[in-house]
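The values are calculated or read from the model by the stated rules, or taken from the named source; none is laboratory data. Remember, it's a predicted structure, so these values are computed and weren't measured experimentally. Methodologically, a virtual Cβ is constructed for each residue, glycine included, from the backbone with ideal geometry; neighbour enumeration extends over all protein chains shown.
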């Protein structure tokens with residue numbers, strides 16, 4: 001019973017981190033404009049921090065789901081949909097990181 005509750009909690013936190021990460025990236029991309037004021041810069045820095053922290057949480061909770069709680073790791077390791085999700089997450093992190101070089 002406790003392991004089931006732990007699995008549900010980690011899964012919920014994983015989903016919350018995913019939606020926070022995606023939302024922060026959308027807000028960042030919508031807020032970028034040719035002329036940015038000092039206040040806009042501070043707000044973008046806050047959103048960027050939320051984006052970075054949530055990406056770390058997505059990774060931590062995702063690894064916990066993959067390796068420690070829930071289904072056996074073999075289920076995920078041999079699943080092509082899981083590999084597609086990992087690829088999309090990696091792509092989102094790379095684009096988030098590359099946006100710093102562009103600005």
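From the list 10, 58, the lone residue that is at pLDDT 90 or above, farther than 19 Å from residue 92 by Cβ and either surrounded by 15 or more Cβ atoms within 10 Å (Cβ to Cβ) or in contact with a strand residue (DSSP E or B) (Cβ under 6 Å, 6 or more places away or on another chain) (or both) is 10. Starting from residues that are within 29 Å of residue 66 (Cα to Cα) and loosely packed, with under 14 Cβ neighbours inside 10 Å, keep the ones in segment 14-32 and report whichever is farthest from the chain's Cα centre (by Cα). Restricting to residues being within 29 Å of residue 66 (Cα to Cα) and loosely packed, with under 14 Cβ neighbours inside 10 Å, the top hit is 26. Which of the following residues is out of contact with any helix residue (DSSP H, G or I) (no Cβ under 9 Å at 6 or more places or on another chain) and modelled with pLDDT of 85 or more: 69, 26, 53? Among 69, 26, 53, only 26 is out of contact with any helix residue (DSSP H, G or I) (no Cβ under 9 Å at 6 or more places or on another chain) and modelled with pLDDT of 85 or more. Which is modelled with pLDDT of 85 or more, touching a helix residue (DSSP H, G or I) at 6+ places or on another chain (Cβ under 7 Å) and assigned to a helix (DSSP H, G or I), of 15, 82, 19, 75? Result: 82 is the single residue among 15, 82, 19, 75 that is modelled with pLDDT of 85 or more, touching a helix residue (DSSP H, G or I) at 6+ places or on another chain (Cβ under 7 Å) and assigned to a helix (DSSP H, G or I). For segment 22-72, which positions are touching a residue at least 12 places away in the same chain (Cβ under 8 Å), outside any helix (DSSP H, G or I) and over 27 Å from residue 5 (Cβ atoms)? Matches in segment 22-72: 32 only.
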